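Okay, structure first, notes after.
What follows draws every value from the coordinates through simple rules; no lab data is involved. What you are looking at is a predicted structure, and each value in this text was computed from that prediction instead of being measured. We place every Cβ from the backbone using ideal geometry, glycine too, and count neighbours over all the protein chains shown.
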Amino acid sequence: FQKLVPESSRAAKQLAFCGRPISDIKCKSLVMAGAYDRLIPLQSQIAIAKKYKSKYLSFLAGHMLPLEDKRCCGNEIINSIHKWIDSNFIS
């Protein structure tokens with residue numbers, strides 16, 4: 001839990017600056033995107049989710065979803081993540 005961050009700096013660097021693919025993902029994953037993210041466009045986020053066979057969620061927010069203004073869509077983000085965890089890891 002202590003190692004969790006808003007996004008992986010390694011993945012962000014690979015996506016934003018190197019153009020290299022992210023290392024193979026070997027676990028269930030969730031790709032979340034803000035509709036107004038200027039660093040990684042929405043279509044790129046969708047392509048990433050498809051490539052890794054991940055669940056994809058988009059929200060009306062910007063770039064740092066876990067840190068967005070809760071009045072915007074904070075509860076929606078939290079509830080969506082919770083639902084995804086419940087359906088994928090809790091029986």
task = Quick one: which residues, 5+ away or cross-chain, put their amide H under 5 Å from the amide H of A61? H built at 1.01 Å from N.
result = A35, Y36
request  = In nm, give the distance between the simple-model label positions of I90 and L42, each being 7 Å from the Cα along the Cα-to-Cβ direction.
outcome  = 3.0 nm
request  = For K55, enumerate residues with amide H under 5 Å from its amide H, sequence gap 5+ or separate chain, H modeled in the peptide plane.
outcome  = S29, V31
task = Work out the FRET efficiency for K26 and N79 from their Cβ-Cβ distance, taking R0 = 25 Å, and round it to the nearest 0.05.
result = 0.40
remark   = Taking every other residue with Cβ under 14 Å from the Cβ of I46 and scoring Lys and Arg +1, Asp and Glu -1, one gets +3
